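The values are calculated or read from the model by the stated rules, or taken from the named source; none is laboratory data. Just so we're clear, the structure is a prediction, and the values are computed from it rather than from any experiment. When we count neighbours, we look across all protein chains shown, and the Cβ atoms used for this are built from the backbone with ideal geometry, even at glycine.
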Amino acid sequence: MLNTLINYSIQSMGLIPLLAFIFLLGIAIIIERFMFFSRAVRAGKTLEHDLKLVDAANPDDAAKVAEHYKQTVQGELVKSAMKVKGKSEAVVEREIEETIMFQLPRLDRNLWILDTAVTLGPLLGLLGTIIGMVESFNVLGTSGTANPNGVTGGIGHALTATACGLTIAIICVIFLNYFNKRIRMTVNQFDLIKSLLVSRFAV
């Protein structure tokens, strides 16, 4: 099995190792983003509940909430609101909106790689298919039907590259759509948290 994979890698002109690298990179990003959004969405839900219990007249309540959620993207909104506590509604809202704009890039970090893998995987698979078919036709043209293993070997390389490319695309597109949904959910949480913060910290 290992010798077969090494043989495929060599005869694919490096496409199989490249596809394997893209696959492993995509899996690493999927794991990291999955953990990030699991924490972020869960923190957003509990933060909404905790903010409803905050007494605006008691600064210690808000400080405790900010400290508890300091490692989350939503916690940055609480910290920004505390900086302008007691200011007008417009000032508090503008400060929170600026913080939201700074936090948005954290939500879609590295997702462009998954988006690229969705397109690049099948294209590299197609290129591998072409290389495999050319290899088969070269063997067929050189030795005719006297070397059936050489012909079927090229077809096997072609199908392997296609399968690898499609597998990468399918996995990446599923999780890309999942993460995009999580981004929308987190942005909605931002809006609700902003409303809660403005109502409690603005005068």
Given the conditions (1) surrounded by 15 or more Cβ atoms within 10 Å (Cβ to Cβ); (2) without any contact (Cβ under 8 Å) to a residue 24 or more places away in the chain; (3) of a type in the set (Ser, Thr, Tyr), report the number of the one that Thr116 does not fulfil.
(1)
Glu89 modelled with pLDDT of 85 or more and out of contact with any Phe, Trp or Tyr (no Cβ under 7 Å at 6 or more places or on another chain)
yes
Out of the residues in the stretch 69-87 that are part of a helix (DSSP H, G or I) and small (Gly, Ala, Ser), state the one that is nearest to Val203 (Cα to Cα).
Ala81
Please verify whether Ala117 is out of contact with any Leu (no Cβ under 6 Å at 6 or more places or on another chain) and not basic (Lys, Arg), treating the condition exactly as stated.
yes
Does any residue of the stretch 24-47 turn out to be more than 27 Å from Met185 (Cβ to Cβ), at pLDDT 90 or above and either assigned to a helix (DSSP H, G or I) or touching a helix residue (DSSP H, G or I) at 6+ places or on another chain (Cβ under 9 Å) (or both)?
yes
